[in-house]
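Following: one structure in structure tokens, then a few remarks.
The values are calculated or read from the model by the stated rules, or taken from the named source; none is laboratory data. None of these values were measured; they are calculated from a predicted model. Cβ: placed from backbone, ideal geometry, glycine included. Neighbour counts: every protein chain shown.
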Amino acid sequence: MANTYTQIYIQIVFAVFARQCLIPRAHKEELFKYITGVVKKRKQKVIAINGVADHIHLFVGMTPEIAVSDLVRDVKASSSGFFNDKHWTNGRFSWQEGFGAFSYSRSQIDSVVKYILNQEEHHRRKTFREEYLSFLKEFQVEYDERYLFKWIEDLPVEE
């Protein structure tokens with residue numbers, strides 16, 4: 001778009017279905033490289049990506065050429081297919097429906113990157129549920145408990 005100049009920084013957080021711990025540590029780097037490729041193909045820039053076994057944080061420099069929801073849809077669809085093609089887990093891998101997206105100013109980039117790159121250390125002290133709810137509170141996002149991520153403990157037990 002001619003004469004359009006933007007600086008949009010978005011942290012996107014999304015989880016494995018029912019927050020199951022399915023992302024293998026041994027394959028995180030390969031998965032993150034794949035996701036980075038999807039984001040680049042959509043003409044956006046990955047600033048940082050990391051996560052733990054049950055969720056991912058993706059920090060992106062975005063242009064207005066694509067909606068955040070479209071980017072997340074493309075990332076989740078492509079990466080779940082990639083994950084399943086690799087057979088990294090028994091059964092079918094899928095991402096949880098929905099995501100969180102939080103905007104930052106340029107002056108906050110370094111602290112957000114540091115936060116994302118230190119996910120393993122961070123989650124030794126705080127659960128994903130605690131982290132996610134703190135984002136919603138910090139960014140004053142109204143939400144309905146019924147529509148938050150499904151948690152593995154919420155799933156029916158198979159007999």
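Those residues that are closer than 12 Å to residue 83 by Cβ, out of contact with any Asp or Glu (no Cβ under 6 Å at 6 or more places or on another chain) and either buried (at least 19 other Cβ atoms within 10 Å of the Cβ) or polar (S, T, N, Q) (or both), I need them from segment 7-31; list them, please.
23, 31
So which residues in segment 53-68 are within 18 Å of residue 115 (Cα to Cα), aliphatic (A, V, I, L, M) and surrounded by fewer than 18 Cβ atoms within 10 Å (Cβ to Cβ)?
Hit for segment 53-68 is 53, nothing else.
Counting only residues that are farther than 22 Å from residue 135 by Cβ, outside any helix (DSSP H, G or I) and without any contact (Cβ under 8 Å) to a residue 24 or more places away in the chain, how many does segment 13-49 have?
1
Of the residues 126, 137, only one is of a type outside the set (Ser, Thr, Tyr), under 17 Å from residue 55 (Cα atoms), out of contact with any Gly (no Cβ under 6 Å at 6 or more places or on another chain) and free of Cβ contacts under 8 Å to residues at least 24 places away in the same chain; which?
Going through 126, 137 in turn, just one is of a type outside the set (Ser, Thr, Tyr), under 17 Å from residue 55 (Cα atoms), out of contact with any Gly (no Cβ under 6 Å at 6 or more places or on another chain) and free of Cβ contacts under 8 Å to residues at least 24 places away in the same chain: 126.
Can you pull out every residue in segment 77-117 that is of a type in the set (Asp, Glu) and either surrounded by 14 or more Cβ atoms within 10 Å (Cβ to Cβ) or over 19 Å from residue 141 (Cα atoms) (or both)?
85, 110
Within segment 64-85, can one find any residue that is at pLDDT below 95, in contact with a strand residue (DSSP E or B) (Cβ under 9 Å, 6 or more places away or on another chain) and at positive phi?
There is no residue in segment 64-85 that is at pLDDT below 95, in contact with a strand residue (DSSP E or B) (Cβ under 9 Å, 6 or more places away or on another chain) and at positive phi.
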